[in-house]
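Asks: Have a look at this one before I ask anything.
The values are calculated or read from the model by the stated rules, or taken from the named source; none is laboratory data. What you see is a predicted model; the values in this text were computed from it and never measured. Virtual Cβ from ideal backbone geometry, glycine too; neighbours counted across all protein chains shown.
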């Protein structure tokens with residue numbers, strides 16, 4: 001049995017290289033499987049390895065219009081299998097490497113296939129895996145490994161693990177952990193070279209249809225964190241998949257805010273400078289000290305500082321590369337860091353949830369010296385003092401008096417650090433593989449991959465991400481209760497109960513609770529006293545430019561006529577939009593559908609997100625006052641080509657309406673009247 005508790009073994013220098021050498025035993029007993037988490041291990045090369053086990057014929061595929069098999073589509077292709085689960089930080093670290101490999105071998109018969117073998121129950125749902133594929137911009141095919149059947153067949157025991165299958169269908173090598181691009185490239189080159197000389201390669205690579213990214217009426221893309229600041233009267237949003245930070249006013253009683261500034265041009269990069277030309281790469285947590293906003297620039301492995309008076313962005317910590325250092329002690333750009341995910345600040349201290357190192361760090365904002373504060377660097381949920389404790393991918397922080405509370409998603413737990421003596425104690429959670437959805441005492445309650453935490457009165461408010469809920473933990477008794485959410489991914493309906501889809505970030509001002517509802521691609525504000533809630537509408541915010549779909553995907557536009565409607569401006573207006581869904585496709589249940597209502601001149605009135613029921617008639621409720629005259633209703637959605645969600649295509653319908661005072665409170669928007677564009681706006 002292999003059990004690798006530590007993932008801090010430095011860079012992996014072993015390679016697939018030789019086609020001879022020690023063989024890896026692939027038939028590990030299935031009950032060994034769940035004993036390890038992500039790992040750093042070396043290649044095991046195969047000497048004419050066994051035949052690759054086939055993929056089950058009835059499993060769900062994503063990013064391909066048809067299932068793939070080694071006997072048919074993959075025959076003659078060298079295949080790299082990536083066994084991953086979407087909450088694992090080490091798996092996330094490998095996505096840029098896989099993208100680099102895909103570009104390098106684009107003209108050769110080489111295919112990357114993601115095998116999503118879930119750790120958490122929530123990660124096994126096809127709807128959630130598809131959202132993760134979109135969030136992480138994964139272009140290669142992904143198969144949903146139900147009950148880890150493929151994992152067991154290949155004898156995998158940690159995330160991520162890579163298996164190379166030659167063009168003849170035999171396993172050529174296996175490696176686990178964060179492997180370097182050079183190592184993977186060398187191994188794949190060797191297999192391609194051998195299979196070419198053996199006349200096993202196909203004449204051409206497989207080509208998969210080009211895809212467009214999912215988009216939302218909110219102007220946001222999978223926002224990871226949110227920060228509400230009462231002193232500045234500002235709301236800051238980490239618009240993570242748009243690689244930017246959004247600054248707005250705090251929203252009014254109807255959830256409407258005004259855009260103040262956008263930091264980042266939407267491109268992945270690390271350029272400092274003015275707001276419009278600066279660059280980020282999947283930013284997450286934020287913290288404000290005076291007129292400086294600090295940002296955890298996660299995929300750049302940097303901490304950035306935004307001067308809110310000059311709108312200038314500068315780098316204050318990190319080298320720009322992932323660095324495994326469990327001690328620290330250097331200053332500024334001399335000190336490497338690893339996937340900072342959340343921030344908290346007080347005085348001259350900036351606290352950093354270092355997800356990649358399983359630690360919490362502290363940076364002095366005057367000297368820029370940074371060091372490890374808590375966590376040994378080994379993944380676990382163990383109490384202790386300072387760096388003798390063990391933490392599990394810390395991703396949320398909240399300060400309260402002398403304590404710093406830490407959300408640790410990989411252990412489904414919450415820890416508390418005493419900042420006077422660095423004592424680390426567990427508030428909630430049982431360990432790496434104990435999770436669930438259960439209220440109760442500290443001894444019985446269960447969370448699932450919780451990524452956000454905030455102090456709310458005498459309680460801790462927790463973004464219980466994989467349970468699609470907000471939970472409360474009583475600071476005195478430790479009792480855990482459900483605050484909001486249904487336990488299933490949804491969006492809720494205005495006037496009814498709020499629902500979430502993998503909420504990731506929290507911020508609190510008084511009784512106003514702000515939630516980064518990540519997979520619903522929106523920010524929600526809740527009144528903690530009344531339970532009333534609104535989706536935040538940021539007037540002036542638009543998505544960065546998107547690329548059109550390939551010509552064969554672009555449906556011909558249908559002219560949208562003007563619809564005359566008499567509307568009572570003092571009542572909510574119900575809009576029933578009948579969406580265009582081409583023959584042979586369907587709307588997938590649970591996938592967010594959103595509407596953007598604006599004046600004819602483009603100024604935003606309201607945005608709203610709901611969860612698809614699978615029916616093309618979608619019911620929205622517009623509560624914002626509608627002006628008389630012309631306005632637009634644009635609905636964003638996507639349709640899928642088969643029941644297994646193999647390929648989903650973004651689309652939009654637009655209707656033009658003219659409003660005059662009257663008593664109507666319901667308008668039906670026909671699919672025949674909608675302009676189905678089939679492209680990202």
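Asks: Considering only segment 193-202, I want to know if a residue exists there that is touching a helix residue (DSSP H, G or I) at 6+ places or on another chain (Cβ under 7 Å) and at pLDDT 95 or above.
Replies: Within segment 193-202 (the criterion being touching a helix residue (DSSP H, G or I) at 6+ places or on another chain (Cβ under 7 Å) and at pLDDT 95 or above), the answer is yes, since at least one residue qualifies.
Asks: Of the residues 107, 137, which single one is at positive phi and either at pLDDT below 95 or surrounded by fewer than 20 Cβ atoms within 10 Å (Cβ to Cβ) (or both)?
Replies: Checking each option against the conditions leaves just 137.
Residue by residue, here is whether (1) in contact (Cβ under 8 Å) with a residue 24 or more places away in the chain; (2) over 23 Å from residue 139 (Cα atoms); (3) outside the structural domain of residue 131 (by TED's automatic domain parsing) holds:
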position	(1), (2), (3)
193	no, yes, no
202	yes, no, yes
234	yes, yes, yes
273	yes, yes, yes
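Asks: Right, another one. Just wondering, is there one or more residues in segment 226-233 that are on the phi > 0 side of the Ramachandran plot and surrounded by fewer than 19 Cβ atoms within 10 Å (Cβ to Cβ)?
Replies: Step one: list which residues in segment 226-233 are on the phi > 0 side of the Ramachandran plot, which gives 233.
This time we only want the ones that are surrounded by fewer than 19 Cβ atoms within 10 Å (Cβ to Cβ), so: 233.
Scanning segment 226-233, I find at least one residue that is on the phi > 0 side of the Ramachandran plot and surrounded by fewer than 19 Cβ atoms within 10 Å (Cβ to Cβ), so the answer is yes.
A quick yes/no check of all residues on (1) under 14 Å from residue 357 (Cβ atoms); (2) buried (at least 17 other Cβ atoms within 10 Å of the Cβ); (3) over 23 Å from the mean Cα position of the chain (by Cα); (4) touching a residue at least 60 places away in the same chain (Cβ under 8 Å):
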| position | (1), (2), (3), (4) |
| --- | --- |
| 299 | no, yes, no, yes |
| 304 | no, yes, no, no |
| 312 | no, no, yes, no |
| 315 | no, yes, yes, no |
| 321 | yes, no, no, no |
| 325 | yes, yes, yes, no |
| 338 | yes, yes, no, no |
| 342 | yes, yes, no, yes |
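Asks: Within segment 367-385, restricting attention to residues that are over 18 Å from residue 395 (Cβ atoms) and part of a loop (DSSP other than H, G, I, E, B), which residue is farthest from the chain's Cα centre (by Cα)?
Replies: 367
Asks: Is it the case that segment 648-659 has a residue that's more than 27 Å from residue 144 (Cα to Cα) and modelled with pLDDT under 80?
Replies: Residues of segment 648-659 more than 27 Å from residue 144 (Cα to Cα): 652-659.
Subset that is modelled with pLDDT under 80: 659.
Yes: segment 648-659 contains one or more residues that are more than 27 Å from residue 144 (Cα to Cα) and modelled with pLDDT under 80.
Asks: In segment 577-592, is there at least one residue being at pLDDT 90 or above, within 24 Å of residue 543 (Cα to Cα) and touching a strand residue (DSSP E or B) at 6+ places or on another chain (Cβ under 9 Å)?
Replies: First, the residues of segment 577-592 that are at pLDDT 90 or above: 592.
If we keep only those that are within 24 Å of residue 543 (Cα to Cα) too, we end up with 592.
Now drop any that are not touching a strand residue (DSSP E or B) at 6+ places or on another chain (Cβ under 9 Å), which leaves 592.
Checking segment 577-592: at least one residue is at pLDDT 90 or above, within 24 Å of residue 543 (Cα to Cα) and touching a strand residue (DSSP E or B) at 6+ places or on another chain (Cβ under 9 Å).
Asks: Only one of 280, 263 is surrounded by 22 or more Cβ atoms within 10 Å (Cβ to Cβ), touching a residue at least 24 places away in the same chain (Cβ under 8 Å), touching a helix residue (DSSP H, G or I) at 6+ places or on another chain (Cβ under 9 Å) and not assigned by TED's automatic domain parsing to the domain that holds residue 92; which?
Replies: On the way: 263 fails: touching a helix residue (DSSP H, G or I) at 6+ places or on another chain (Cβ under 9 Å).
Of 280, 263, the one residue that is surrounded by 22 or more Cβ atoms within 10 Å (Cβ to Cβ), touching a residue at least 24 places away in the same chain (Cβ under 8 Å), touching a helix residue (DSSP H, G or I) at 6+ places or on another chain (Cβ under 9 Å) and not assigned by TED's automatic domain parsing to the domain that holds residue 92 is 280.
Asks: Looking at segment 237-253, can you tell me whether even one residue there is closer than 30 Å to residue 81 by Cβ, modelled with pLDDT of 95 or more, outside the structural domain of residue 399 (by TED's automatic domain parsing) and in a helix (DSSP H, G or I)? Let's see the steps before the verdict.
Replies: Start the filter on segment 237-253 by keeping residues that are closer than 30 Å to residue 81 by Cβ, which leaves 240-241, 243.
If we keep only those that are modelled with pLDDT of 95 or more too, we end up with 240-241, 243.
Going one step further and asking which of them are outside the structural domain of residue 399 (by TED's automatic domain parsing), we end up with none.
No: zero hits.
Asks: Here is a further query. Out of segment 297-319, which residues are in contact with a helix residue (DSSP H, G or I) (Cβ under 9 Å, 6 or more places away or on another chain) and closer than 20 Å to residue 242 by Cβ? So that I can check it myself, show each step before the final result.
Replies: Residues of segment 297-319 that are in contact with a helix residue (DSSP H, G or I) (Cβ under 9 Å, 6 or more places away or on another chain), as a first pass: 298-299, 301-302, 315-319.
298, 299, 301, 302, 315 - these are the residues of segment 297-319 that are in contact with a helix residue (DSSP H, G or I) (Cβ under 9 Å, 6 or more places away or on another chain) and closer than 20 Å to residue 242 by Cβ.
Asks: For residue 210, work out the one condition from (1) surrounded by 15 or more Cβ atoms within 10 Å (Cβ to Cβ); (2) more than 26 Å from residue 495 (Cα to Cα); (3) in contact (Cβ under 8 Å) with a residue 40 or more places away in the chain; (4) not assigned by TED's automatic domain parsing to the domain that holds residue 310 it doesn't fulfil.
Replies: Looking at each condition in turn, residue 210 falls short on (1).
Asks: Among the residues of segment 579-629, which ones are touching a helix residue (DSSP H, G or I) at 6+ places or on another chain (Cβ under 8 Å) and exposed (fewer than 15 other Cβ atoms within 10 Å of the Cβ)?
Replies: 589
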